[in-house]
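Some notes on the structure that comes next.
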Amino acid sequence: MRRFLALILAAALLLPGCSAGQTESHQAVYLDVFDTVTTVTAVGMGEEDFQQAAEKIHETLLHYHRLFDIYNDYEGLNNLKTVNDNAGLSPVCVDGDMIRLLLDCRDYYALTDHAVNVAMGSVLKIWHDVRAAALEAPEKAVLPTDAALREAAQHCGWDTVRIDEAASTVYLTDPTQSLDVGAVAKGWAAGKAAQQAPSGFLISVGGNVCATGPKDDDTPWVVGIADPDGGEGYLSTLYDRDKAIVTSGDYQRYFELDGVRYHHIIDPETLYPAARFRSVTVVCDDSGLADALSTALFVLPLEEGEALARKAGAEAMWLDIQGNFSETPGFADYRAE
Ligand code: ADP
Ligand code: MG
């Protein structure tokens with residue numbers, strides 16, 4: 001619920017002032033994609049045109065939501081769950097968008113020096129299940145065993161992920177392997193939706209923000225970066241004309257045990273929640289890359305993250321667990337305050 005409120009607050013900040021004589025602002029909110037809150041905002045157009053464009057964005061996001069879902073089946077659709085269910089059994093014929101996402105994920109894996117690995121579904125599932133159980137019954141919360149994590153980590157390589165572009169099939173040859181694209185799917189899908197949207201829209205899928213151009217009066221959008229402690233203020237407010245802005249944090253999904261927080265971003269080296277940062281924000285042109293980088297920079301040591309941001313042409317801001325801020329040299333150019 002705290003996350004929900006933070007997102008609503010962020011959405012509120014996106015709203016331009018609207019009084020008599022000023023151009024009209026529009027916002028649509030969707031709760032049925034990627035298990036989070038999605039907002040679509042635009043200024044200065046007819047309500048009907050806005051609704052039409054917003055619904056198209058929503059349809060696009062729904063398409064990706066179903067395709068990349070690892071928990072639910074959809075009639076007549078081979079999605080990521082189908083691919084996982086068929087590990088070790090047979091190749092699965094999939095929509096070309098799945099092939100494109102997975103090829104990008106393979107690139108992100110190489111680019112981030114393996115810090116972002118969507119092929120480590122076996123490890124992520126262990127953490128997902130203990131978190132779900134702990135949230136259901138906090139008094140019975142337990143940690144995964146090291147042995148279980150280490151065993152799962154044997155099934156996270158890309159050699160066993162066979163992507164056949166020509167046949168449009170994906171096959172996990174290792175029966176215990178699974179894919180989980182949670183680290184990149186929202187940003188990737190938001191980016192695709194933004195590419196199809198008219199100029200001057202701001203799309204936020206659970207805080208993965210994408211602007212398709214400035215507001216109708218050529219002023220930039222203002223995007224608030226949530227305070228990890230859930231306060232009403234923001235860590236920072238940023239101008240956005242046509243960039244993707246993505247934040248990864250330790251406050252989004254977690255459980256607590258003996259006073260320690262176990263959140264949802266897992267360091268592939270330790271197989272435990274990444275322990276360096278509380279929040280990392282990335283600004284760059286490509287929304288899928290921004291999402292992958294936000295997770296990668298959350299995992300990697302600061303110096304490696306700085307080098308990666310430079311290599312990827314991204315700007316970033318880190319808040320570490322001691323409360324210290326760091327940022328890339330160009331990040332200040334986006335600051336609104
Ligand atoms: P959010 O989805 O909350 O915006 P992220 O983009 O950082 O946050 O993605 C976190 C999700 O990605 C987790 O729920 C998990 O499914 C997956 N994940 C966590 N750690 C990694 C990792 N190192 N590599 C790939 N996927 C990860
Ligand atoms: Mg991410």
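Looking across region 300-320, the residues that are under 13 Å from residue 111 (Cβ atoms), in contact (Cβ under 8 Å) with a residue 12 or more places away in the chain and assigned to a helix (DSSP H, G or I) come down to 304, 305, 308, 309, 310, 311, 312.
Here is a yes/no grid of residues against (1) farther than 23 Å from residue 230 by Cα; (2) at pLDDT 95 or above:
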{"site": "23", "(1), (2)": "yes, no"}
{"site": "27", "(1), (2)": "yes, yes"}
{"site": "34", "(1), (2)": "no, yes"}
{"site": "38", "(1), (2)": "no, yes"}
{"site": "44", "(1), (2)": "yes, no"}
{"site": "53", "(1), (2)": "yes, yes"}
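Regarding residue 329, is this residue surrounded by fewer than 18 Cβ atoms within 10 Å (Cβ to Cβ), away from ligand 1 (no atom under 13 Å from the Cβ) and closer than 30 Å to residue 217 by Cα? Against the criterion (surrounded by fewer than 18 Cβ atoms within 10 Å (Cβ to Cβ), away from ligand 1 (no atom under 13 Å from the Cβ) and closer than 30 Å to residue 217 by Cα), residue 329 qualifies.
Out of region 283-303, which residues are among the β-branched types (Val, Ile, Thr) and more than 10 Å from ligand 1 (Cβ to nearest atom)? Selection gives 283 alone.
Within region 233-285, the only residue that satisfies the criterion of being in a loop (DSSP other than H, G, I, E, B), under 15 Å from the mean Cα position of the chain (by Cα) and of a type in the set (Val, Ile, Thr) is 265.
Would you confirm whether or not region 286-297 contains a residue that is at positive phi, of a type outside the set (Gly, Ala, Ser) and either part of a helix (DSSP H, G or I) or in contact (Cβ under 8 Å) with a residue 24 or more places away in the chain (or both)? No, every residue in region 286-297 fails to be at positive phi, of a type outside the set (Gly, Ala, Ser) and either part of a helix (DSSP H, G or I) or in contact (Cβ under 8 Å) with a residue 24 or more places away in the chain (or both). The residues listed here are 175, 214, 220, 138; of these, the one that is at pLDDT below 95 and farther than 26 Å from residue 65 by Cβ is 138.
Tell me, please, whether a residue that is free of Cβ contacts under 8 Å to residues at least 60 places away in the same chain, under 20 Å from residue 123 (Cβ atoms), away from ligand 2 (no atom under 16 Å from the Cβ) and surrounded by fewer than 19 Cβ atoms within 10 Å (Cβ to Cβ) can be found in region 224-239.
no
The values are calculated or read from the model by the stated rules, or taken from the named source; none is laboratory data. What you see is a predicted model, and the numbers here were worked out from it, not measured in a lab. Reconstructed Cβ throughout: ideal geometry from the backbone, glycine too, with neighbour counts over all protein chains shown.
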